[in-house]
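**Student:** Here's a structure for you.
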Amino acid sequence: MVSIYVLLIVFLITFVVAAALGRSWFHRRLRRPELLRRICLVAGSTLLVANLASVFLEAPELWRTADLTLTLGGLASLGVALTALRTGGAPARQPRRVLAIGAHPDDLELACGGTLAKFVDSGHEVQGLVMSDGTRGGDPLERSLDAQRGAAFMGLTGMTHYNFTDTDLFRHSQEMVGVIEAAIARYNPDIILTHSNHDQHQDHQAVHMATLRAARQHHSILCYESPSATRDFSPSVFIDIDDYLDAKVQAVRMHSDQRAKPYMTPERVRGIASFRGGQARRRVAEAYEPVRLLSTEMEKL
Ligand SMILES: [Zn+2]
C-alpha cells in the first residue's frame, strides 16, 4: 500500500510545479494572490519550525515519521509564496478607479485583458460595461455567462451588461451615451478605456463615439486595440503585461462560445502582445491610443 506520506509528497511537488508553470494563471484561479502568499508563508514557516522542533525535541514517533513530509511541505509552501510574490505585482500606492467599456462580451478580454488583470492585482478597482450580448456572433446566453466568467477571472469589481442590438449599436447611440454617463457618475473613474475609432467593426466605432460624448468632461480616455483594428490604429501608450499574458490568454479562452474564431487562439493573442511589446521595448504589451491623458493618472497606475 502506498504510504500517505508518499501521496502527500507527490501532491506537494505537483502543487509547486503547477504554481511555477501556471504563474499568473494559477494565482488567478485562487483569485487572491495576496491571500495565497500570506497563507503559504504562514504554512511554510510553521511546517519548517515544526520540523526543526522534531529534530531537537523529544518528538512523538508519528511526528518524526512525518519529518520528510513536513520539510517538503514547508519548502513547497515557501516556494509558492515566492512565486506569488513575483506575479502579484507591487501594490499601488494610490488605488485608482478604472472604467472599461466594450461593445461585445469578449472585447475587454481580447483588447485589454492583461491590463485589467494587472490593475486589479495592483489594488485598483476596475468596472466593466458591455453594450450587447453578441447575439449575431453566437448564443447570447452563453456569451453573457462567458463575459461574467471572464470578468470574475480578471478580478473586476463589477460587470454591467446591456442588451442593445448587436451589430446595430449606432442605432442606440443616445441610449449608450446615457448609460455611460450614468456609469461615470456612479463610479467616478480616474481612467476610461474604450474602443478605438480606428476599427472596422461598426459597433466598436459606435461605442467609441458614445464614450467620447458621455466622457466629454473627462480628462483621461484611452482607446484599446481590438482584433478588428485598422492599419490606422497608432498607439502611443503601452502597458507592460509581462506576467499577465497567461492570464489574458486564459480570460479569452473562457469565451468558449467563440473559440472557433481565428482571433481567439492563444497564438494570435500572444502574437499581438509580442508585436506591441516590441514597439514598447518590452517583451509583451497592450497598446492604447490616448484621446487625452492626464499624466498624473498614468504615474499612479
Ligand atoms: Zn467586439
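The values are calculated or read from the model by the stated rules, or taken from the named source; none is laboratory data. No experiment lies behind these values; they were computed from the predicted model shown. All Cβ positions, even for glycine, are placed from backbone atoms using ideal geometry, and neighbour counts span all protein chains on display. Calculation scope for accessible area: heavy atoms of the full protein, side chains included, ligands and nucleic acids excluded. Shrake-Rupley method; radii C 1.70, N 1.55, O 1.52, S 1.80 Å.
**Student:** Hey, what's region 97-299 come to in accessible area per residue, 1.4 Å probe, Å²?
**Tutor:** Per residue, region 97-299 has an accessible area of 40 Å².
**Student:** At a temperature of 37 °C and a viscosity of 0.692 mPa s, determine how fast region 180-299 diffuses translationally according to Stokes-Einstein, using the Kirkwood radius over alpha-carbon pairs as Rh; express D in µm²/s, rounded to the nearest whole number.
**Tutor:** D = 214 µm²/s.
**Student:** Taking 0.36 nm per residue of separation and subtracting the Cα-Cα distance, what length does fully extending Met298 through Arg283 add?
**Tutor:** That works out to 3.4 nm of additional length.
**Student:** What percentage of the solvent-accessible surface of region 97-299, computed with a 1.4 Å probe over protein heavy atoms, is contributed by carbon and sulfur atoms?
**Tutor:** 49
**Student:** Further question on the same structure: Starting from the Cα coordinates of region 97-299, work out the convex hull volume and express it per residue in Å³.
**Tutor:** Residue-normalised Cα hull volume stands at 102 Å³.
**Student:** To check you understand DSSP bridge types, tell me what percent of the beta bridges within region 97-299 (both residues inside) are antiparallel, rounded to 5.
**Tutor:** 35
**Student:** Can you list the residues of region 256-270 with backbone N under 20 Å from a point 7 Å past the Cα of Thr135, pointing along Cα to Cβ?
**Tutor:** 257-258
**Student:** Once the Cβ-Cβ distance between Val42 and Arg149 is put in as r, and R0 is 41 Å, what FRET efficiency do you end up with, to the nearest 0.05?
**Tutor:** Efficiency at R0 = 41 Å is approximately 0.85.
**Student:** Can I ask one more? Under a plain spin-label model, where a point goes 7 Å from the Cα along Cα-to-Cβ, how far apart in nm are Val237 and Thr265?
**Tutor:** Here the answer is 3.2 nm between the modelled labels.
**Student:** Let me ask another. If I ignore ligands, DNA and RNA and count only protein heavy atoms, how much of Glu267 is accessible to a 1.4 Å probe, in Å² to the nearest 10?
**Tutor:** Counting only protein heavy atoms, Glu267 exposes about 130 Å² to solvent.
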